[in-house]
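Just below is one structure, and these are the notes that go with it.
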Amino acid sequence: MIQELDTVIPVKDFPDQGLVKGDMEAVVMIHDGGKAFEVEFVTLAGDTLGVLTLTADKVRPISARDVSHVRVA
């Protein structure tokens, strides 16, 4: 179960916010028992790129097989 402050991964692009599938994000609030999450996308330097409310089907927890990747926002 996804908890506050967990790192999650979006499963689709959000081009209006400049975010892409695979970006890492932090859960900052859980809505309606886990039906949706307030998530914050940040750069490696700690600058916020966006805060979105995403339904549970739009994110997934990180897995032990995930590899981090760097891109310029």
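A compact table of results
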| quantity | calculated |
| --- | --- |
| Matching residues, region 33-73, being in a loop (DSSP other than H, G, I, E, B) and either in contact with an Asp or Glu (Cβ under 6 Å, 6 or more places away or on another chain) or among the basic types (Lys, Arg) (or both) | LYS35, ARG65, ARG71 |
| Any pair with Cβ under 8 angstrom, 6 or more apart, that starts in region 51-66 at a residue that is more than 11 Å from MET24 (Cβ to Cβ) and in contact (Cβ under 8 Å) with a residue 40 or more places away in the chain and ends at one that is part of a loop (DSSP other than H, G, I, E, B) and of a type in the set (Lys, Arg) | ALA56/LYS35; LYS58/LYS12 |
| Residue count for region 48-61, restricted to those that are exposed (fewer than 13 other Cβ atoms within 10 Å of the Cβ), in contact with a strand residue (DSSP E or B) (Cβ under 8 Å, 6 or more places away or on another chain) and within 18 Å of GLN3 (Cβ to Cβ) | 2 |
| Residue within region 15-28 that is of a type in the set (Gly, Ala, Ser), under 11 Å from the mean Cα position of the chain (by Cα) and on the phi > 0 side of the Ramachandran plot present | yes |
| Among residues of region 35-47, those that are surrounded by fewer than 13 Cβ atoms within 10 Å (Cβ to Cβ) and either in contact with a helix residue (DSSP H, G or I) (Cβ under 9 Å, 6 or more places away or on another chain) or at pLDDT 95 or above (or both), counted | 1 |
| Qualifying residue in region 33-48 (condition: on the phi < 0 side of the Ramachandran plot and among the small types (Gly, Ala, Ser)) | yes |
| Selection within region 14-34 - surrounded by fewer than 16 Cβ atoms within 10 Å (Cβ to Cβ), modelled with pLDDT under 95 and either out of contact with any strand residue (DSSP E or B) (no Cβ under 9 Å at 6 or more places or on another chain) or of a type outside the set (Gly, Ala, Ser) (or both) | PRO15, ASP16, GLN17, VAL20, LYS21 |
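The values are calculated or read from the model by the stated rules, or taken from the named source; none is laboratory data. All values derive from a computational prediction rather than experimental measurement. Here the Cβ is made from the backbone with ideal geometry for all residues, glycine too, and neighbour counts use every protein chain on show.
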